[in-house]
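> Let me begin by handing over the structure; questions about it come next.
The values are calculated or read from the model by the stated rules, or taken from the named source; none is laboratory data. None of these values were measured; they are calculated from a predicted model. FYI the Cβ positions are ideal-geometry reconstructions off the backbone, even for glycines, and counts take in every protein chain you see. Heavy atoms of the whole protein, side chains included, go into the accessibility calculation; ligands, DNA and RNA do not. Shrake-Rupley method; radii C 1.70, N 1.55, O 1.52, S 1.80 Å.
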Amino acid sequence: MKVFIAADAAEAADKAADIVENIVQSRPRPHLGMATGSTMVGVYQSLVDRCQTGGLSFAETSIYLLDEYVGLDSDHPQAFRNVIRANLADLVDLGDDALFGPDGSSSDLEAEAQRYEQLVSEACIDIQLLGIGGNGHIAFNEPGASFEGPSSVVTLSEKTRRDNARFFASIDDVPRQAITQGIGTILRARKVLLIALGTRKSRPVRDALEGPLSKETPASAIQLHQDVSVVLDREAATLLSTRRPNR
Ligand code: F6R
């Protein structure tokens, strides 16, 4: 595992964008697994800047969403498909029909989760971006989730709903369910890139990187992957052991 500790959020975003750019430039048809959430905003802005100044092209790239809320209208600005469009997909030269995600408004959610699992498995993700929840979740795999699990319909924890209430008018508007890639799905990506910013993430980051493998910290599952990069700002890294290499 390579851990990069940046001076601030902007440097972390650029470092993460460097890692993504390297994948995009080195594969003929890159398949990117993309997360949403506030951590990713700077990363995507950095990628958009590189594309708009002509140094990077997403023309041959496909993007696969990590997860999607259940029950939001298709035009809801917080539906993750719309978030990724607003922050990245619509701002770069991504091809038509190159953005994939689970349909959270499907009338058969279980079947939709299975369809998405199949799609992602066949796509073979070159790099999977991950944020980390305040409770240690990755994607919407909440504490207790199986490390082998496939994509599925999940119930969001109250902690996650409270954390994400900032994106909605009130907590009552935060969906209670989501379709998420499973931890097993995520671990099949060729490379995993976890990004965390701010003091709020320092405890889950420490537990994920230096704690035991534990279902109580779903992000600790990344220790099982052979090719993981972690990009942190100083605040998110404050609880890490000082002897960690690769700083
Ligand atoms: C989003 C996702 C979540 C977030 C995590 C951190 O697609 O899967 O796991 O990455 O909740 O969210 P932020 O970045 O808003 O703190």
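> Can Ser241 be described as open to solvent by less than 80 Å² (accessible area, probe 1.4 Å) and part of a helix (DSSP H, G or I)?
Answer is no for this residue.
> Only one of Val228, Val153, Val174, Val205 is aliphatic (A, V, I, L, M), open to solvent by 20 Å² or more (accessible area, probe 1.4 Å) and within 16 Å of the ligand (Cβ to nearest atom); which?
Val153
> Would a scan of segment 115-129 turn up a residue that is in contact with a Pro (Cβ under 7 Å, 6 or more places away or on another chain), away from the ligand (no atom under 15 Å from the Cβ) and not small (Gly, Ala, Ser)?
yes
> Moving on to the next point. What pairs come up if the first residue lies in segment 108-136 and is at positive phi and of a type outside the set (Lys, Arg), the second is open to solvent by 50 Å² or more (accessible area, probe 1.4 Å) and in a helix (DSSP H, G or I), and their beta carbons are under 9 Å apart, counting only those six or more places apart or on different chains?
Gly136/Arg203
> Looking at this structure, is Thr199 β-branched (Val, Ile, Thr) and crowded, with 17+ Cβ neighbours inside 10 Å?
No; evaluated as a whole, the condition is false for this residue.
> Within segment 28-47, does at least one residue satisfy the condition of being farther than 29 Å from Arg115 by Cα and touching a Lys or Arg at 6+ places or on another chain (Cβ under 7 Å)?
No, segment 28-47 contains no residue that is farther than 29 Å from Arg115 by Cα and touching a Lys or Arg at 6+ places or on another chain (Cβ under 7 Å).
> Further question on the same structure: Mind counting the residues in segment 53-85 that are assigned to a strand (DSSP E or B), within 11 Å of the ligand (Cβ to nearest atom) and either over 17 Å from Leu99 (Cα atoms) or among the hydrophobic types (A, V, I, L, M, F, W, C) (or both)?
The total comes to 1.
> Among the residues of segment 161-170, is any hydrophobic (A, V, I, L, M, F, W, C), within 11 Å of the ligand (Cβ to nearest atom), open to solvent by 50 Å² or more (accessible area, probe 1.4 Å) and in a helix (DSSP H, G or I)?
yes
> Only residues that are in contact with a Gly (Cβ under 7 Å, 6 or more places away or on another chain) and either open to solvent by less than 30 Å² (accessible area, probe 1.4 Å) or under 16 Å from Val174 (Cβ atoms) (or both): list them for segment 80-104, please.
Phe80, Gly104
> Here is a further query. Assuming Val70 fulfils every condition listed in (1) in contact (Cβ under 8 Å) with a residue 40 or more places away in the chain; (2) closer than 30 Å to Glu210 by Cα apart from one, which condition is it?
Result: Val70 passes all but (2).
> Are any residues in segment 122-133 over 14 Å from the mean Cα position of the chain (by Cα) and farther than 22 Å from Asn22 by Cα, and if so, which ones?
Listed by number, the list holds a single entry, Glu122.
> Does Glu21 qualify as being open to solvent by 20 Å² or more (accessible area, probe 1.4 Å), away from the ligand (no atom under 16 Å from the Cβ), part of a helix (DSSP H, G or I) and touching a residue at least 60 places away in the same chain (Cβ under 8 Å)?
When the stated conditions are applied, Glu21 does not pass them.
> With respect to Val70, is the statement that it is of a type in the set (Val, Ile, Thr), at pLDDT 95 or above and open to solvent by less than 10 Å² (accessible area, probe 1.4 Å) true?
For Val70, the condition - of a type in the set (Val, Ile, Thr), at pLDDT 95 or above and open to solvent by less than 10 Å² (accessible area, probe 1.4 Å) - is not met.
> All but one of (1) surrounded by fewer than 19 Cβ atoms within 10 Å (Cβ to Cβ); (2) away from the ligand (no atom under 12 Å from the Cβ) hold for His31; state the number of the condition that does not hold.
(1)
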